[in-house]
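Below is one structure, written out as structure tokens; the observations come after it.
The values are calculated or read from the model by the stated rules, or taken from the named source; none is laboratory data. Keep in mind that what you see is a predicted model, and the values were worked out from it rather than measured. Glycine gets a Cβ as well: all are built from the backbone with ideal geometry, and neighbour counts include every protein chain shown.
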Amino acid sequence: MTNKIVLITGGAGGIGQAIAKEHLDNGNTVVLVDLKEDSLNIAKENLGGNNIEIIVGDVTDEGDVKNYVDKTVEKFSRVDIFYNNAGVNGPFKPIKDLDKNEFEKIMAINTTGVFLGLKFVLPQMEKQGFGNVVNTASNAAYIGSAGMPGYIASKHAVAGLTKTAALEVGDKNIRVNAIAPAAIDTDMLTDIRNNLSPGEPEKSGEALKQGIPFGRFGTPAEVAKVAYFLGSEDASFVTGSLYNVDGGMQAD
Ligand code: NAD
């Protein structure tokens, strides 16, 4: 798989950058979308600077989503692979304490952001006659977790959107899958650890590791390998699937 045009939201984050690196290492071009220009520039520098475009955009804003798709197509004429990956996880509060606007903000980024990405990318892929989408769900797409109502609801919804989109475009040479990571060592996990044991992230880190059959956190690169596979022709008969990348957590 070379010379592919790979669009990645949340491209300045831990998993987004790792997916970009995997594709760059294999001779593809990446377009990174994220909220802030400075973090996108840092990501671009981290990744070596070549074959990388950056686009500032908020995945909850329909105009921004249309813009990141239009700009990619204007420049490269197509989107071969789309990683619908941007996400947030907090605030961490039980249902009774979570404000409506806090709940809606998580849903807007994690669910509406994925919906809008599909809404604008899939018609472009239909026009091309091919394409591949990999949404970022989570282990949270399968389970409940006290104190994380927004995150859990939003990622269950990503699983539903993945399966629905796969069925809508299955006869158009477009595949739609999802990765379901858990406990991957990025800023998001650091936030969770700080929340569980304020000021002592190592403490909750050790407790969290005890709940992982592998006894360790995953790396963003380990997620990127699976995401790359799903975006490649090696996964040519795979659609509507969720791939766990979680050190065995879902099996437990
Ligand atoms: P991260 O915080 O490093 O990256 C998330 C990125 O999304 C950030 O760069 C952030 O700026 C961006 N983002 C947030 N809101 C946005 C918006 N409105 N518009 C555009 N970009 C926005 O975390 P990560 O671990 O790399 O997370 C990537 C994805 O993986 C998320 O969807 C997350 O829910 C999912 N995930 C992560 C883990 C984990 O353990 N790290 C586990 C399961 C799922």
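Here are some notes:
- Per the conditions (1) of a type in the set (Gly, Ala, Ser); (2) assigned to a helix (DSSP H, G or I); (3) free of Cβ contacts under 8 Å to residues at least 24 places away in the same chain, the sole criterion not satisfied by Gly199 is (2).
- Test result for Ala166, more than 10 Å from the ligand (Cβ to nearest atom) and either touching a Pro at 6+ places or on another chain (Cβ under 7 Å) or on the phi < 0 side of the Ramachandran plot (or both): yes
- Any chance Ala183 is within 14 Å of the ligand (Cβ to nearest atom), in contact with a helix residue (DSSP H, G or I) (Cβ under 6 Å, 6 or more places away or on another chain) and modelled with pLDDT of 95 or more: no
- Listed by first and then second residue, the pairs with beta-carbon distance under 9 Å, at least 6 apart or on different chains, first residue in the stretch 54-73 and over 11 Å from Asp34 (Cα atoms), second modelled with pLDDT under 95, form an empty list.
- Test: residue in the stretch 118-125 that is closer than 22 Å to Leu40 by Cβ, modelled with pLDDT of 95 or more, more than 14 Å from the ligand (Cβ to nearest atom) and touching a Phe, Trp or Tyr at 6+ places or on another chain (Cβ under 6 Å): yes
- Residue match in the stretch 50-57 (condition: small (Gly, Ala, Ser) and near the ligand (Cβ under 9 Å from one of its atoms)): yes
- Residues of the stretch 223-252 that turn out to be part of a helix (DSSP H, G or I) and either crowded, with 16+ Cβ neighbours inside 10 Å or in contact with a His (Cβ under 8 Å, 6 or more places away or on another chain) (or both), as a count: 11
- Extreme residue, surrounded by the most Cβ atoms within 10 Å (Cβ to Cβ), among residues of the stretch 1-42 that are over 15 Å from the mean Cα position of the chain (by Cα) and within 8 Å of the ligand (Cβ to nearest atom): Ser39
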